[in-house]
Amino acid sequence: MKKIFLLFVITGYLGVLSAQVIKGRSESIPINIEPQYEFTKPPILYVDMKFADANGNGIVEADEKAVLTIVISNKGAGRAQGLKVKTISNNNDPNFKIDSEFSINEIRPGESDTVLVEMYAGMNVLTREHHIDITITEYFGYDMDPAALILNTLEYQRPEIVFSGLDIYDRGEGTVAIDYDGQLQAGEMVRVKIVIQNVGNNIAKNTVYQIESRDNNIYIDEGQGTIGDMKIGEIKEIWMTISPNKRVDYKGSLPIYITVKEDIGKGSLIGYQLPLALNQRPPATETLEVKADFEKIQQQVAVFEYKSDRYTSNIAARSVDAIPLTKSKRPDAVAIVIGVEKYENMPPAPYAAKDAQVMTKYFKDVLGIDKVITYINKEVSGFIFMNIFDPNLGQLQKIINKGQTEVYVYYSGHGIPDKDGKDVYLFPYDGKIEMLDVMGYSLNKLYKNLDMLGAKSVTVILDACFSGSSRASNMYIAENVSQTKGTRIVPREVRPWESNSNFSVFTSSKDEQTSVGFDESGTGLFTYFLVIGLQGEADLNDDKVIYASELRKYVSEKVSETSRKIRGEQTPQFYGNDDFIIVEF
């Protein structure tokens with residue numbers, strides 16, 4: 001009877017379980033059964049993503065933590081149920097740990113939930129690019145489009161402690177000298193200053209030292225101590241007292257060894273024999289100018305990739321190809337567009353070709369200019385600037401009607417200062433820096449010649465820096481293209497806008513600044529916000545007209561704000577008539 005009763009109880013319990021699952025009350029069952037969801041109305045999901053690493057440089061370095069924050073919001077009328085968030089890297093490095101799967105039971109309309117994806121790079125992490133796929137699915141199929149986080153891990157950057165030199169002091173307190181000659185003789189007691197330096201790419205932390213004699217006839221005092229942290233390139237001095245007795249007789253260096261250890265142990269100086277010999281002056285101290293070699297990683301910081309407009313991220317780039325409909329028509333206008341990204345004899349100007357292609361579309365389809373002449377890379381060679389802009393013989397003067405034609409000029413590429421910094425030049429694809437004043441085209445000459453054309457109006461737009469550096473971004477390091485150092489740019493500027501109210505100039509930065517590239521859009525940062533402004537964002541008073549003053553204000557504020565997040569301050573400049581109408585919608 002007992003066996004039959006037990007069987008009855010179990011069977012009855014299973015019947016209860018089945019009834020509860022059918023009724024959708026699985027949450028009350030104390031066993032692992034998939035939750036049951038009830039469809040009502042569709043949810044509409046939006047996602048905001050942010051990435052932050054411990055030191056804020058956008059790279060996950062050895063022994064560093066990082067967090068990917070994913071905020072999922074439901075802006076629909078129904079509940080989002082049974083959400084799964086997965087993050088998968090295309091690179092398998094056992095020393096790079098990343099949380100991979102999360103579940104959210106539901107997000108009600110108007111509410112949001114946050115997922116924190118924690119990452120950690122161990123001390124043996126490899127230098128690799130990780131393409132981390134982000135998928136967000138919903139039980140009833142109202143999934144998000146895929147997105148990705150692309151980031152770099154960086155192997156441990158070692159400090160490197162080296163011996164730089166030493167000096168012998170045989171006068172003063174704590175010394176007993178036979179001869180005051182700055183040398184060490186047997187039977188003397190002298191003070192020795194040892195110089196060490198960190199020439200590696202990281203801080204040497206909690207550094208300690210020990211100096212040992214391997215001859216019992218050589219006495220050492222102050223042979224160990226604490227140095228503390230040594231910054232990149234930092235020099236430290238270690239003092240000791242040494243006394244070789246009369247039994248010491250060595251022709252070369254004495255058996256005196258120094259060990260300097262930092263707490264990681266990967267950049268220590270171990271058992272280095274000091275170049276300290278009897279009756280000889282030590283070699284001169286040599287120290288180096290040292291900077292962290294971050295060119296190894298090309299400053300490739302974390303970026304997000306996604307196509308859906310329901311994603312946002314730290315710095316979200318809108319599409320530069322979203323051409324708006326406008327009322328602007330300029331039947332008697334001409335635009336010259338020049339973009340030089342690849343140079344024959346100089347480093348590239350990243351994204352300059354894309355800048356020119358984008359601006360060609362905007363001149364045609366937004367500003368309403370039918371005649372747009374574009375030159376890219378190799379097409380910008382030889383004396384092309386003179387051939388276009390010469391007021392007497394150039395191509396431009398042949399196709400304009402004086403007093404009637406509106407002229408627009410756009411240039412993206414290198415701007416090169418001369419050696420004294422008093423003039424700056426646009427530069428062709430095949431130009432040679434040694435022939436700057438011949439092959440380059442002076443900005444003063446450009447302004448003067450355009451003014452001499454007698455056009456109805458002239459608008460010049462320059463996405464180039466004239467500080468002597470190439471364009472920089474998170475993925476590209478600025479390079480010196482002028483082959484000069486420390487040049488202060490004080491150009492003798494021709495200023496036609498002061499006497500001609502129809503002459504306007506937009507430039508991407510101040511003379512001493514570096515213009516920034518915007519990796520997210522694949523254009524210059526200045527050009528990006530210029531075209532986003534022309535999409536309508538610069539219509540600050542919503543009157544369907546963008547004036548030069550509005551475009552100036554919008555671009556200047558956005559570029560200044562965003563450049564500080566990328567590579568430093570960039571401040572666009574505008575000269576001309578604030579009331580000039582750029583676009584009408």
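Tabulated values for the structure
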| item | result |
| --- | --- |
| Lone qualifier among Asp430, Asp418, Asp423, Asp451 - being at pLDDT 75 or above, surrounded by fewer than 17 Cβ atoms within 10 Å (Cβ to Cβ) and charged (D, E, K, R) | Asp430 |
| Residue within segment 92-100 that is part of a loop (DSSP other than H, G, I, E, B), under 28 Å from Glu520 (Cβ atoms), out of contact with any helix residue (DSSP H, G or I) (no Cβ under 7 Å at 6 or more places or on another chain) and acidic (Asp, Glu) present | yes |
| Residues that are free of Cβ contacts under 8 Å to residues at least 24 places away in the same chain and in a strand (DSSP E or B), drawn from segment 35-91 | Ala52 |
| Residue in segment 33-42 that is modelled with pLDDT of 60 or more and of a type in the set (S, T, N, Q) present | yes |
| Selection count where residues are over 21 Å from Glu584 (Cα atoms), modelled with pLDDT of 85 or more and buried (at least 22 other Cβ atoms within 10 Å of the Cβ), scope segment 519-567 | 5 |
| 2 or more residues of a type in the set (Lys, Arg): qualifying helices (runs of 4 or more DSSP H) within segment 362-456 | 443-452 |
| Thr127 being under 20 Å from Ala66 (Cβ atoms), in the same structural domain as Val60 (by TED's automatic domain parsing) and within 24 Å of the chain's Cα centre (by Cα) | yes |
| Residue check, Glu341 buried (at least 16 other Cβ atoms within 10 Å of the Cβ), modelled with pLDDT of 75 or more, out of contact with any Leu (no Cβ under 6 Å at 6 or more places or on another chain) and not assigned by TED's automatic domain parsing to the domain that holds Gln535 | no |
| Filter result for the condition that a residue is polar (S, T, N, Q), surrounded by fewer than 16 Cβ atoms within 10 Å (Cβ to Cβ) and out of contact with any helix residue (DSSP H, G or I) (no Cβ under 8 Å at 6 or more places or on another chain), over Asn217, Asn202, Asn152 | Asn217 |
| Single unsatisfied condition, Leu116 versus (1) under 34 Å from the mean Cα position of the chain (by Cα); (2) more than 30 Å from Phe39 (Cβ to Cβ) | (2) |
| Qualifying residue in segment 164-173 (condition: within 30 Å of Glu61 (Cα to Cα), among the hydroxyl-bearing types (Ser, Thr, Tyr), in contact (Cβ under 8 Å) with a residue 60 or more places away in the chain and surrounded by fewer than 19 Cβ atoms within 10 Å (Cβ to Cβ)) | yes |
| Condition check for Leu540: closer than 16 Å to Ser328 by Cβ and either part of a helix (DSSP H, G or I) or of a type in the set (A, V, I, L, M, F, W, C) (or both) | no |
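The values are calculated or read from the model by the stated rules, or taken from the named source; none is laboratory data. Nothing here was measured: the structure is a model prediction, and the numbers come from that model. For neighbour counting, all protein chains shown are included, and Cβ atoms are generated from backbone atoms with ideal geometry for every residue, glycine included.
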